Amino acid sequence: MSKKEKYIAAKVNDEIIDLSRVSEGAEGVEYISPESDEGLEIIRHSCAHLMAQAVERLYPGTHFGIGPAIKDGFYYDIDLGNDAVITENDLAAIEAEMRKISAQAEVVTREDLTCDDALDLFKDDPYKTELISELKAEGVSHVSVYKQGEYKDLCRGPHVPDTSYIKHFKLLSVAGAYWRGSEKNKMLTRIYGTAFATQDELKQYLKRMEEAKLRDHRKLGRELDLFSLHEEGPGFPFFHPKGLAVLNTLTEFWRKEHVRRGHTEIRTPQILDRDLWIRSGHWDHYRENMYVTEIDEKPFAIKPMNCPGSILVYKTQLRSYRELPMRLTELGIVHRHERSGVLHGLMRVRCFTQDDCHAFCALEQVRDEVIRIIDLCKYIYSDVFGFKYTVELSTRPEDSMGTEEQWAAAENGLREALETSNINYRVNEGDGAFYGPKIDFHLEDCLGRSWQCGTVQLDFQLPERFELTYIGEDGQEHRPVMLHRTVLGSLERFFGILIEHYAGAFPFWIAPVQIRIIPIAEEHRAYAEELKEQFMDWDLRVEIDARDEKLGRRIRDAQLQKVPYMLVLGDKETQNKEVAVRERSKGDLGSMSIAKFKELLDGEFNPIKNRIKN
């Protein structure tokens, strides 16, 4: 097998190029295999072109927007240009056409054209001409065009040598997407798909996808009666008693852990004067995501973030170096305007609770304070919830405030904290917040999906803008540094992640109902009520199912509701003051005394200590 049969692209001087562009006998060439991360991205982007070619054959006159490779797959935005509609029922036919093109081994070629020639080539495609015209206006002289058979596309590449390299793919779904993400533009049809280097990898991915559907937090939210979503409030979730029980337990744990680690909780208003947001920089950098209103003929804004409120609390007194670091935490409700097309259950909402902390520090305290935050994140993610996680350092974006010197000092401070903590991290260039660099924590759930939750952002800018000071040991005024920090991030989103991670079978300590008592007959009801009172005294969440249903049906319902413990009460249990215990994963544990059952509960992991009273 030659190199050009084994590999799909090459890297020369750190640039990934098509195999056809590698000169014979060239030195310093690194060949890219299909199984590598870079190779997989090429396969997926090439598969987007393969899909577009199939769509063009089946729907003549179609125009194409953009079709990038994304995490776990690809998509392409298309404009059918007439009354035709593509639904998920049509994906099988498109896939079949893709397989025909793959079998034809259409050679993929690249051609560099002047912008004018490219405009002429794509003169009938409004989307490509818009993109080329913008590049030309920016001073770009040439663009690259890829062709395979009758299909041509504006693209930087690289791509596979021919279509036979793309064999293991699956089209997944159809959605709507505005051209270039703007609601002012036309709604296009977006087709999502995935592709892999081998059939086994594809099968494993599709299996995970099926499992993800079963774990979908929106589905489980309905089935377990945790929350609901309504047209009357798009993006504003409604939490039912059981869902709120989980959130309340989560916040109880959060509060207890923060008090233990030297934090002080505050609460700030949800609506504040627009001038405050102008001063903070949010008005310039975040205006499109903010809701505005008017009070007494003055403009106000509903807060999208909690930081300016913490700053106003800090400024109420003259601060001393002895008070630093001052850690002001807040479970603050924030509102952000998200486009309707991106709303997704609890994962993407317009109103959520942010578990914020704003730590005001002396510059020399930053490293140790960031190390403390890293330790807290490790405890909550790994020790409490059992998540694996990765860490990312994001550096200065183009749309930023402050000097190069400030940014360099801030980025170096975060790097030093990560390295002192022996944390492996990757650098995400240019993705920091507008006021400072940040560390992001990405959780990995049981299906291997990544969720960005915690963040630490170092900020020199807001203390400067709001003229924050503290009196140092030398008796002089100094400027503090501000650390913005979340661990859970959005409580609502974290709740959604937990639902899917545990498939609704929450750990005992956080389960919405921890014990369900099932009296077999009416004469056992009084004992059930007695036990319920006792368990509630132990601060447990308990309910009785005394419905006029068969015992098997009630046990099955409790199992479907994923209740950790079911206590069945009959004549024997009532007379002997015992309980017949069923555990949701282990099944029947037999009858035991109340004391023995309490020992069982005492053995359950519970980060909120001393909750079960003696």
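The values are calculated or read from the model by the stated rules, or taken from the named source; none is laboratory data. Everything quoted here is computed from the prediction, not taken from an experiment. Please note: Cβ atoms are built from the backbone with ideal geometry, for glycine as well, and neighbour counts cover all protein chains shown.
Please find, within segment 92-114, the residue that is surrounded by the most Cβ atoms within 10 Å (Cβ to Cβ) out of those that are farther than 14 Å from R57 by Cα and among the aliphatic types (A, V, I, L, M).
For segment 92-114, the residue satisfying everything is V108.
Could you list, ordered by first residue, the pairs with Cβ atoms under 7 Å in which the first is in segment 410-433 and within 22 Å of M482 (Cα to Cα) and the second is among the charged types (D, E, K, R) and surrounded by fewer than 13 Cβ atoms within 10 Å (Cβ to Cβ), at least 6 apart or interchain?
Close Cβ pairs (under 7 Å, with a partner that is among the charged types (D, E, K, R) and surrounded by fewer than 13 Cβ atoms within 10 Å (Cβ to Cβ)) amount to G430/E398.
Tell me the helices (runs of 4 or more DSSP H) entirely within segment 470-584 that contain at least 1 residues that are within 34 Å of the chain's Cα centre (by Cα), buried (at least 17 other Cβ atoms within 10 Å of the Cβ) and modelled with pLDDT of 95 or more. Even if it seems obvious, please write down each step before you answer.
Working: elements: 491-501, 525-537, 551-560, 571-576.
Here the list reads 491-501, 551-560.
Which one of the conditions (1) more than 30 Å from L188 (Cβ to Cβ); (2) in contact with a Ser or Thr (Cβ under 8 Å, 6 or more places away or on another chain) does D383 fail to meet, given that it meets all the rest?
It fails just one condition, (2).
Given the criteria more than 30 Å from F495 (Cα to Cα) and free of Cβ contacts under 8 Å to residues at least 40 places away in the same chain, does R525 qualify?
Taking the combined requirement at face value, the residue satisfies it.
Being of a type in the set (S, T, Y) and either more than 30 Å from A10 (Cβ to Cβ) or in contact with a Leu (Cβ under 6 Å, 6 or more places away or on another chain) (or both) narrows it down to one of T109, T129, T114, so name that one. Break it down into steps so the answer makes sense when it comes.
Values: T109 fails: either more than 30 Å from A10 (Cβ to Cβ) or in contact with a Leu (Cβ under 6 Å, 6 or more places away or on another chain) (or both); T114 fails: either more than 30 Å from A10 (Cβ to Cβ) or in contact with a Leu (Cβ under 6 Å, 6 or more places away or on another chain) (or both).
Of the residues listed, the single one that is of a type in the set (S, T, Y) and either more than 30 Å from A10 (Cβ to Cβ) or in contact with a Leu (Cβ under 6 Å, 6 or more places away or on another chain) (or both) is T129.
So how many residues does segment 312-359 have that are of a type in the set (D, E, K, R) and in a helix (DSSP H, G or I)?
2
What tally of residues in segment 398-418 results from selecting those that are surrounded by 16 or more Cβ atoms within 10 Å (Cβ to Cβ), out of contact with any Lys or Arg (no Cβ under 9 Å at 6 or more places or on another chain) and outside any helix (DSSP H, G or I)?
Number of matching residues: 1.
Please find, among L447, L458, the residue that is assigned to a loop (DSSP other than H, G, I, E, B) and either free of Cβ contacts under 8 Å to residues at least 60 places away in the same chain or among the aliphatic types (A, V, I, L, M) (or both).
L447
Quick check on S133: is it outside the structural domain of C446 (by TED's automatic domain parsing), free of Cβ contacts under 8 Å to residues at least 40 places away in the same chain and part of a helix (DSSP H, G or I)?
Numbers: outside the structural domain of C446 (by TED's automatic domain parsing): yes; free of Cβ contacts under 8 Å to residues at least 40 places away in the same chain: yes; part of a helix (DSSP H, G or I): yes.
Yes; evaluated as a whole, the condition is true for this residue.
Determine the pairs where a residue that is farther than 13 Å from I78 by Cα, located within segment 45-56, has a partner that is among the acidic types (D, E) with Cβ atoms under 7 Å apart, the partner being 6 or more residues away or on another chain.
Taking only residues 6 or more apart or on different chains, not a single pair turns up.
Kindly indicate the residue of segment 439-461 that is crowded, with 22+ Cβ neighbours inside 10 Å and of a type in the set (A, V, I, L, M) and also farthest from D275 (Cα to Cα) among those meeting that condition.
Out of the qualifying residues, it is L443.
Test of understanding: among T251, T268, which residue is surrounded by fewer than 17 Cβ atoms within 10 Å (Cβ to Cβ) and at pLDDT 95 or above?
Checking each option against the conditions leaves just T251.
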